[in-house]
Amino acid sequence: MVDDSVVFAVDRKPKTGRRLRRLENIAADPRVSILFEHRSGDWRELWWVRADGIAVEHDEPPSQAAVLHERHPAYGTEPPPGPWVLVTVERWRGWSAGEV
């Protein structure tokens, strides 16, 4: 996540192809929701955050992908083949079982 955007790419993990259903869904309707969650055996540690926004597919990494290179050095030496998706977040929502 960078500012109010989220970026991800189709990686090299085995798949039936690079045209994933999620990319077809984005092409049909770019409004998306992305859920980030933390699971734990201790229910007091549970939380989730949802980002609602507009997704755009890119053939090349958008500038916001630089943060991925910082966190995951392998992205710099062997970046995912893509395509890349940049989500401009319009609304954040979240929940936590414990105190934040």
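The values are calculated or read from the model by the stated rules, or taken from the named source; none is laboratory data. Everything quoted here is computed from the prediction, not taken from an experiment. As a convention, Cβ positions derive from the backbone with ideal geometry for all residues, glycine included, and neighbour counts pool all protein chains shown. Accessible surface areas use protein heavy atoms only, side chains included; no ligands, DNA or RNA. Shrake-Rupley method; radii C 1.70, N 1.55, O 1.52, S 1.80 Å.
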- Item | Cβ pairs under 6 Å, 6+ apart, first in the range 1-22 and polar (S, T, N, Q), second modelled with pLDDT under 85 | 5/64
- Of everything in the range 63-92 that's out of contact with any Pro (no Cβ under 8 Å at 6 or more places or on another chain), in a strand (DSSP E or B) and open to solvent by less than 30 Å² (accessible area, probe 1.4 Å), which residue is nearest to residue 4 (Cα to Cα)? 89
- Task: Filter the range 8-33 down to residues that are in a strand (DSSP E or B) and modelled with pLDDT under 95 and give me whichever is most open to solvent (accessible area, probe 1.4 Å).
- Result: 8
- List, please: which pairs have Cβ atoms under 7 Å, are six or more places apart or on different chains, and start with a residue in the range 69-93 that is of a type in the set (S, T, N, Q) and end with one that is surrounded by 11 or more Cβ atoms within 10 Å (Cβ to Cβ) and not in a helix (DSSP H, G or I)? 88/4; 88/5; 88/53; 88/54
- Task: Run residue 49 past the list (1) out of contact with any Phe, Trp or Tyr (no Cβ under 6 Å at 6 or more places or on another chain); (2) of a type in the set (Val, Ile, Thr); (3) in contact (Cβ under 8 Å) with a residue 24 or more places away in the chain and report the number of the one that doesn't hold.
- Result: (1)
- Query: So which of 37, 60, 99 ends up being outside any strand (DSSP E or B), of a type in the set (Asp, Glu), without any contact (Cβ under 8 Å) to a residue 24 or more places away in the chain and open to solvent by 50 Å² or more (accessible area, probe 1.4 Å)?
  - Reply: 99
- Note on the structure: Condition set among the hydroxyl-bearing types (Ser, Thr, Tyr) and within 16 Å of residue 11 (Cα to Cα), scope the range 63-94, selection farthest from the chain's Cα centre (by Cα): answer is 77
